[in-house]
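Q: The structure that follows is given in the form of structure tokens.
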Amino acid sequence: MQLVPYDLNWPTEFEAEAKLLRLALGDNYIAVHHVGSTSVPGLAAKPRIDVLVVVQQRLSTIEKLEPVGYEYRGEFNIPLHYGFRKRGKVDFNLHVYEEDHADIESLIKFRDYLREHSSARDEYAALKQNLLESESSFEKTNSIYAGYTLGKNNFICNILDKSGFNRLRFMKCTHYTEWDAAKTFRQRSFFDKVPISDPYTWTFTHPDHMHFVLYKGTKIIGYAHIQLWPAARAALRIIVVDEPYRSHGYGANFLQLIEKWLKEQGYRSIHIESSPEALLFYKKHNYVAMPFDDPEGHTNKYQDIPLGKIL
């Protein structure tokens, strides 16, 4: 799909769809926003209208939105987010979040900055056009997204920095900068101490292993590795926050977000092998003595302490 010039009908088409969404969601509805390139006057865009909906809870939205033409597409790389699409005379991409999700603010701040700064708007249009003219923009390399989407990341981060966005948010590793951060955290925090090269990078492409990064604004400050076990159990293999950002509650927030995500995915318990130094942190967050019971039969070679928590 190619970029097209800004269409004066896009705001009207958004408003009509927003009214439909309010009716479909009923009491669950909180707010709706026009975001993405079609929300910025004068910006060339792919002719698909991005809609952000804020709800009280997401779990019932699939059954509410399917009857009005929306197809649920999953979280993509954004935990605690529902993505939908609707195709027809007008195409819509729908992003559903519960109130106070950090991405609500990031999407709105990015939109507003481009609305208020025509030079940034035009720079973004030129970047998108250049990306579409490159063959690599249509290729995927260790990511759910093609080069076109990944290639916009640095520009978006720069705009978010200028907009003052500084919220905590956690993401599934997708962009190459996130994978680079994951490798660095793992090697520096764990395997340099042995010392060996990380022997578990194969987990980066394994469906039973989830890799998350924690952002403060646009800076990656933390990393976590979760293994998904049978019987609705999950193992927290690694969680770490960069040293300058410790003792600010960021690790606790990261852990709580992971627990919420796992619970929504249907996992009933989370298990860890805590070092003696981290024991107090986990006990503070209601982890108790619990057998680790690794289903693959791996035994702990160190003096770590098995803990767990019912979600």
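Q: Residues of segment 272-286 being of a type outside the set (D, E, K, R), under 20 Å from Ser189 (Cβ atoms) and touching a residue at least 12 places away in the same chain (Cβ under 8 Å), which ones? If you could, list the steps in order and put the result at the bottom.
A: Residues of segment 272-286 that are of a type outside the set (D, E, K, R), as a first pass: 272, 274-276, 278-282, 285-286.
Keeping just the survivors that are under 20 Å from Ser189 (Cβ atoms) gives 272, 274-276, 278-282, 285.
If the condition is that a residue be of a type outside the set (D, E, K, R), under 20 Å from Ser189 (Cβ atoms) and touching a residue at least 12 places away in the same chain (Cβ under 8 Å), then Ile272, Ser274, Ser275, Pro276, Leu279, Phe281, Tyr282, His285 are the ones that fit.
Q: Those residues that are touching a residue at least 24 places away in the same chain (Cβ under 8 Å) and either assigned to a strand (DSSP E or B) or at positive phi (or both), I need them from segment 240-271; list them, please.
A: Val240, Val241, Gly266, Ser269, Ile270, His271, listed by residue number.
Yes/no matrix, rows are residues, columns are (1) aromatic (Phe, Trp, Tyr); (2) over 21 Å from Gly222 (Cα atoms); (3) assigned by TED's automatic domain parsing to the domain that holds Arg58:
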residue: Gly251; (1), (2), (3): no, no, no
residue: Leu257; (1), (2), (3): no, no, no
residue: Gln265; (1), (2), (3): no, yes, no
residue: Ser269; (1), (2), (3): no, yes, no
residue: Glu273; (1), (2), (3): no, no, no
residue: Glu277; (1), (2), (3): no, no, no
residue: Phe281; (1), (2), (3): yes, no, no
residue: Met290; (1), (2), (3): no, yes, no
residue: Glu296; (1), (2), (3): no, yes, no
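Q: May I ask you to say which residue of Asp50, Asp7 is within 19 Å of Arg111 (Cα to Cα), touching a Pro at 6+ places or on another chain (Cβ under 8 Å) and not polar (S, T, N, Q)? Spell out how you get there, then give the answer.
A: Values: Asp50 fails: touching a Pro at 6+ places or on another chain (Cβ under 8 Å).
Step by step, each of Asp50, Asp7 is checked, and only Asp7 is within 19 Å of Arg111 (Cα to Cα), touching a Pro at 6+ places or on another chain (Cβ under 8 Å) and not polar (S, T, N, Q).
Let's see how each residue does on (1) assigned by TED's automatic domain parsing to the domain that holds Asn253; (2) surrounded by fewer than 17 Cβ atoms within 10 Å (Cβ to Cβ); (3) at pLDDT 85 or above; (4) more than 18 Å from the chain's Cα centre (by Cα):
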residue	(1), (2), (3), (4)
Ala125	no, no, yes, yes
Lys128	no, no, yes, yes
Ser143	no, no, no, no
Asn154	no, yes, yes, no
Lys162	no, yes, yes, yes
Thr177	yes, yes, yes, no
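Q: Among the numbered criteria (1) outside any loop (DSSP other than H, G, I, E, B); (2) touching a Lys or Arg at 6+ places or on another chain (Cβ under 7 Å); (3) surrounded by fewer than 19 Cβ atoms within 10 Å (Cβ to Cβ); (4) hydrophobic (A, V, I, L, M, F, W, C), which single criterion is violated by Ile62?
A: With (1) outside any loop (DSSP other than H, G, I, E, B); (2) touching a Lys or Arg at 6+ places or on another chain (Cβ under 7 Å); (3) surrounded by fewer than 19 Cβ atoms within 10 Å (Cβ to Cβ); (4) hydrophobic (A, V, I, L, M, F, W, C) applied to Ile62, the lone miss is (2).
The values are calculated or read from the model by the stated rules, or taken from the named source; none is laboratory data. Quick caveat, the model's predicted, so the values are computed rather than measured. FYI the Cβ positions are ideal-geometry reconstructions off the backbone, even for glycines, and counts take in every protein chain you see.
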